[in-house]
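Coordinate-derived values only; no laboratory data. Please read all numbers here as calculations on a predicted model, not as lab measurements. So basically every Cβ, Gly included, is an ideal-geometry build from the backbone, and we count neighbours across all protein chains shown.
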Ligand SMILES: Nc1ncnc2c1ncn2[C@@H]1O[C@H](COP(=O)(O)OP(=O)(O)OP(=O)(O)O)[C@@H](O)[C@H]1O
Ligand SMILES: [Mg+2]
């Protein structure tokens, strides 16, 4: 980049001459770039949050309904007694049935969406790391809630026809949609499921299965293996059972990332490219007007004998300065406002660096119009009037 | 005058447009300008004065003829030198009717920038700029922005910029048009001083009859053709 010496940098001097307009543009751009950063951060937060729930389950193998990749990416329903069958397999240290259901609960006059996890006491799938209070100990009517739900310890919550007491709190456990997680026992969860099913559907279910006890279904069976047992091999063995499928923890995380996160990635990718396009247009227009305003100066510089690379440098440096200042301001803005976002924002240095690189490329693209205009300016036009 | 001319023009022609719209701005113009002289170019509006100055400044390509600057044949039916901007930077200083200072640089920076473009270090360029400003008597305005300068001050800064790289040729297109007669006289005195002290060839386009007596020679253009020169009685 040609710079005309520290004392007389034309790009910076010209910026200083039009400082107000330049900074206003930077302010607008920094908001745009801040939004881009926030979206990328929300996306990262989304991944962390949704994987968080899957990781917190503490399983090595997820046994689900045959021919599905459940329970997050696809619906999966298994008879509850399969848990005992799985637990009896060679190599299993512990197995627990779990259910997941989205529930709306009334709390202090407001409707709250929750992901209710039904899990068995002291089995895989129960609430990990209770930060306040205690884990669920009684088989009925106790709940462990995530802090994000806003429930206090000891508070009573009505779900379906039953009332639960919050006995413990977890932190940072939300569903991929952002709903806080609430743990209850599997038995309570099955009852809740039954209560919330419309009466007609309930009769239908009872008629087709033809037997009582059909409410004992789970969405997945979480398996912890004995040390030295290969999860992949174990999953393959389970999959030989026709009505069962099994995913290792790694596979489950990949499936989740693909299905749940891909959509978010596409949406966020779309908005990000839209915002970057808008930024390009704004930078391009401002750099173009700044170039038009400098027409006479540029003609004079050419007339004196400035080579084209000086002129190009002048314009490109201004575009890069605009991008850099806006990016830094935008990043500072997001950092300062991180706590005020409704979703978790995770700013990773690598993401920020990539975006900064993209912004620099955008600046180069945006300066093309100005550069083209500047190169076409006739030095003789400096003489006129 | 035993010295070789710095500007040597032979049979230069320049026309704009073709067919019925064709304007012959210069017709077979020849001209010699020697070091240390101040030469005037006069003529009615549209007679081709600016066109001639632009050709000498290597800003405008003529259609035919030849031109030698400082002994170097730069045009002979076509440009013989690729780096015309480099030539301008080193050999030619321009002074405009409107001073054309860069509005975003202060007075000394406007002078220094020409020097920096020619490859000088910023410190060197600054000291040269301050030296020129004091030579032209505007040193105390060195930190002023162009918008804060009077017309006469701005024109002197512009002259300082034209002199920044010690050019062999100074081209001025109506440099006094925006000035009152007293300041116009002062500017002409400065150009005279530059010519005498630095052996520069100074070519000034002017309408201004008040300063006609300041030139060593005056050339008159009419419809793009040169009329017989008027040697000034010294
Ligand atoms: N770029 C151009 N395109 C077309 N015609 C031009 C161009 N430049 C100059 N001319 C024409 O060439 C002729 C000479 O113009 P020039 O500018 O040299 O006149 P001048 O003597 O400087 O006039 P003035 O005293 O008004 O400045 C004029 O008829 C003008 O219209
Ligand atoms: Mg003219």
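If R₀ is 22 angstrom, what is the calculated FRET efficiency for the pair residue A:348 and residue A:55, using the beta carbon separation as r and rounding to 0.05? Display every interim value, and only then the final one.
Numbers: r = 18 Å, r/R0 = 0.82.
My answer for the efficiency is 0.75.
Tell me the angle of helix A:186-196 to the major Cα principal axis of chain A, expressed in degrees between 0 and 90 and rounded to the nearest ten. Around 80 degrees separate the two axes. Using a Gaussian network model of chain A whose springs link C-alpha atoms within less than 10 Å, name the residue from A:106, A:60, A:318 with the highest mean-square fluctuation. Result for chain A, Cα springs under 10 Å: A:106 fluctuates most. Rounded to the nearest 10 degrees, what's the angle between the helix A:295-304 long axis and the longest principal axis of chain A, both from Cα atoms, 0 to 90? The angle comes out at about 60 degrees.
As a test of the formula, what do you get for chain A when each DSSP H run with n ≥ 4 contributes -39,500 (n - 2.57) and the sum is divided by the residue count, at 222 nm and rounded to the nearest 500 deg cm²/dmol? Walk me through the intermediate numbers first.
Working: 11 runs with 191 residues, N = 385.
Dividing the helical sum by the residues of chain A leaves -16500 deg cm²/dmol.
When only alpha carbons are used to place a centre, the stretch B:36-61 and the stretch B:70-139 end up 19 Å from one another.
Can you show me the helix-derived [θ] at 222 nm for chain B, built from DSSP H runs with n ≥ 4 at -39,500 (n - 2.57) apiece and divided by the number of residues, rounded to the nearest 500. Write down the numbers at each step before the final one.
Numbers: 6 runs with 72 residues, N = 234.
It lands at -9500 deg cm²/dmol.
Using alpha carbons only, how many degrees (0 to 90, rounded to 10) separate the axis of helix B:122-135 from the longest principal axis of chain B? Tilt relative to chain B: about 80 degrees. Extension gain for residue A:77 to residue A:328 (0.36 nm times residue separation, less C-alpha to C-alpha distance): 85.4 nm. Judged by the ratio a/c of the largest to the smallest principal axis of the C-alpha gyration tensor, chain B counts as prolate, that ratio being 1.5 or greater while a/b is larger than b/c. Of all the options B:99, B:15, B:207, the one that moves most in a Gaussian network model of chain B with Cα springs shorter than 10 angstrom is B:15.
Just checking the listed ones, B:11, B:65, B:151: in the Gaussian network model of chain B with Cα springs under 10 Å, the one fluctuating most is B:11.
State whether chain A is rounded, prolate or oblate according to the following rule on the C-alpha gyration tensor (a ≥ b ≥ c being the square roots of its eigenvalues): a/c under 1.5 gives rounded; otherwise a/b larger than b/c gives prolate, and the remaining case gives oblate. Spell out each step's value before the answer.
Working: a/c = 3.53, a/b = 2.79, b/c = 1.26.
Taking the square roots of the gyration eigenvalues as a ≥ b ≥ c, chain A is prolate.
Taking 7 Å steps out from each Cα toward its Cβ at residue B:28 and residue A:194 produces label points 11.7 nm apart. The simple spin-label model puts a point 7 Å past each Cα toward its Cβ; for residue A:158 and residue A:289 those points are separated by 5.9 nm.
Hey, with R₀ at 25 Å, roughly what FRET efficiency would residue B:178 and residue A:19 work out to, going by the Cβ-Cβ distance, to 0.05? Working from the Cβ atoms, E equals 0.30. What is the distance in Å between the Cα centroid of the stretch B:160-214 and that of the stretch A:141-194? Taking the Cα centre of each part, the stretch B:160-214 and the stretch A:141-194 sit 90 Å apart.
Here B:131, B:8 are placed in order of increasing Cβ neighbour count within 10 Å, fewest first, which gives B:131, B:8.
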